[in-house]
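Notes to accompany the following structure.
The values are calculated or read from the model by the stated rules, or taken from the named source; none is laboratory data. If you're wondering where the values come from, they're calculated on a predicted model, not measured in any experiment. Glycine also receives a Cβ, built like all others from the backbone with ideal geometry; neighbour counts cover every protein chain displayed. In case anyone asks, the SASA skips ligands and DNA or RNA and just uses the protein heavy atoms, side chains included. Shrake-Rupley method; radii C 1.70, N 1.55, O 1.52, S 1.80 Å.
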Amino acid sequence: MKTALITGSTSGIGLGIAREFAREKYNIVFNGLEANGAEIAAEVGKEFGVEVLFSPANMLKPEEIKAMVEEGIKKFGVIDVLVNNAGIQFVSPVEDFPEDKWNAIIAINLSSAFHTTKHVWTKMKEQKFGRIINIASAHGLVASEFKSAYVASKHGIVGFTKTIALEGAPFGITANAICPGYVKTPLVEKQIIDQAKAHNMPESEVISKVMLYKQAIKEFVSVETLGKLSVFLASETASTITGTAMPVDGGWNAQ
Ligand code: NAD
């Protein structure tokens, strides 16, 4: 049985990805700040008959990230698949962008992936197999106004993905970034409110006129699509797919 550690997996996309790995009988290390995280993890474990561990490690704190990975390795022996998914968003014109929000976005969306990767690396290398999947964003490939920190963090993680793909290649470790368009999760529900303020527009218009405006397919991307793609990237079949930044964005990046 293989083990997948997924950061930010007690909500939204991360939870969707965790469910698809559990369906395929991976043991799961869950992580997230949701107060009922341990219960969410236990329920998924029970539903799919797999072992789970829940860590409330805060991705702002490198020492907590290290302890989470060590706990996972202690319980399961090795982390075969690492999905760096935890992320936050803040929308504001650059001249008003609060410094603390900039720092938190860079730390959670980008630096935490460096710390998790660093700590899973030795065991992956020893067993000559590892899969690192970074949940970037369409904003890892293109920008939108008012999202300076988020766009910078997501472009950053695409660069980090390429680098570790090269370093992992001799050891059977692949690294890929998935770049979703809009997925209807709590993160996006909050953005609808923030974007409405930034664009001075009613919330109802934000979805069609701002968010899905850039996607050719005017539908939210589903968490199942991202989960099943992640499971494929983690498979033996995907051993030569590495260093990519894969848009799953309804054609946004085709334009
Ligand atoms: P979400 O808010 O539903 O879930 C985010 C998860 O990250 C939660 O479990 C939360 O507890 C966790 N998290 C946040 N800060 C944390 C911290 N400091 N320490 C530990 N965990 C923390 O959001 P989501 O939409 O599922 O987003 C998941 C990822 O997908 C993010 O990286 C986001 O940028 C990316 N993404 C989302 C969309 C979208 O449209 N929803 C599109 C492209 C990319």
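Look at residue 52 and say whether it is in contact (Cβ under 8 Å) with a residue 40 or more places away in the chain, on the phi < 0 side of the Ramachandran plot and over 15 Å from the mean Cα position of the chain (by Cα). It is false that residue 52 is in contact (Cβ under 8 Å) with a residue 40 or more places away in the chain, on the phi < 0 side of the Ramachandran plot and over 15 Å from the mean Cα position of the chain (by Cα). Looking for something farther than 23 Å from residue 238 by Cβ, within 13 Å of the ligand (Cβ to nearest atom) and surrounded by 18 or more Cβ atoms within 10 Å (Cβ to Cβ) - is there at least one such residue anywhere in segment 119-136? No: zero hits. Of the candidates 248, 210, 231, 206, the single residue that is touching a strand residue (DSSP E or B) at 6+ places or on another chain (Cβ under 6 Å), open to solvent by less than 50 Å² (accessible area, probe 1.4 Å) and β-branched (Val, Ile, Thr) is 248. Residues in segment 205-237 that are without any contact (Cβ under 8 Å) to a residue 40 or more places away in the chain, closer than 25 Å to residue 255 by Cα and assigned to a helix (DSSP H, G or I): 205, 206, 207, 208, 209, 210, 211, 212, 213, 225. For segment 59-74, the count of residues that are away from the ligand (no atom under 15 Å from the Cβ), in contact with a Ser or Thr (Cβ under 7 Å, 6 or more places away or on another chain) and at pLDDT 95 or above is zero. Each residue in segment 23-51 was checked for being farther than 21 Å from residue 106 by Cα and buried (at least 23 other Cβ atoms within 10 Å of the Cβ), and 5 pass.
Residues in segment 180-197 that are more than 8 Å from the ligand (Cβ to nearest atom) and open to solvent by 40 Å² or more (accessible area, probe 1.4 Å): 189, 193, 197.
Would you check if there is a residue in segment 1-16 being open to solvent by 60 Å² or more (accessible area, probe 1.4 Å), touching a Phe, Trp or Tyr at 6+ places or on another chain (Cβ under 9 Å) and at pLDDT below 95? Steps first, answer last, please.
Initially, segment 1-16 is screened for residues open to solvent by 60 Å² or more (accessible area, probe 1.4 Å), giving 1-2.
Narrowing the set further to residues that are touching a Phe, Trp or Tyr at 6+ places or on another chain (Cβ under 9 Å) leaves 1-2.
After this cut, where a residue has to be at pLDDT below 95 as well, the list is 1.
Checked against the condition, which is being open to solvent by 60 Å² or more (accessible area, probe 1.4 Å), touching a Phe, Trp or Tyr at 6+ places or on another chain (Cβ under 9 Å) and at pLDDT below 95, segment 1-16 yields at least one hit.
Being away from the ligand (no atom under 13 Å from the Cβ), over 19 Å from residue 17 (Cα atoms) and open to solvent by less than 40 Å² (accessible area, probe 1.4 Å): is that true of residue 140 here? It is false that residue 140 is away from the ligand (no atom under 13 Å from the Cβ), over 19 Å from residue 17 (Cα atoms) and open to solvent by less than 40 Å² (accessible area, probe 1.4 Å). Of all residues in segment 49-101, those that are aromatic (Phe, Trp, Tyr) and farther than 30 Å from residue 193 by Cα total 2. Evaluated against (1) at positive phi; (2) surrounded by 15 or more Cβ atoms within 10 Å (Cβ to Cβ); (3) more than 16 Å from the ligand (Cβ to nearest atom); (4) not hydrophobic (A, V, I, L, M, F, W, C), residue 242 falls short on exactly one condition, (1).
Just need a number here: residues in segment 71-102 that are free of Cβ contacts under 8 Å to residues at least 24 places away in the same chain, open to solvent by 50 Å² or more (accessible area, probe 1.4 Å) and within 19 Å of residue 190 (Cβ to Cβ). Selection size over segment 71-102: 2. In summary, residue 182 fulfils each of the numbered conditions (1) assigned to a loop (DSSP other than H, G, I, E, B); (2) over 21 Å from the mean Cα position of the chain (by Cα) with the single exception of condition (2).
Taking segment 152-171 as the region of interest, how many residues are open to solvent by less than 50 Å² (accessible area, probe 1.4 Å) and touching a helix residue (DSSP H, G or I) at 6+ places or on another chain (Cβ under 8 Å)?
Kept after step one, since they are open to solvent by less than 50 Å² (accessible area, probe 1.4 Å), are these residues of segment 152-171: 152-154, 156-161, 164-165, 168.
Among the residues that remain, those that are also touching a helix residue (DSSP H, G or I) at 6+ places or on another chain (Cβ under 8 Å) are: 152-154, 156-158, 160, 164, 168.
Looking only at that region, the number is 9.
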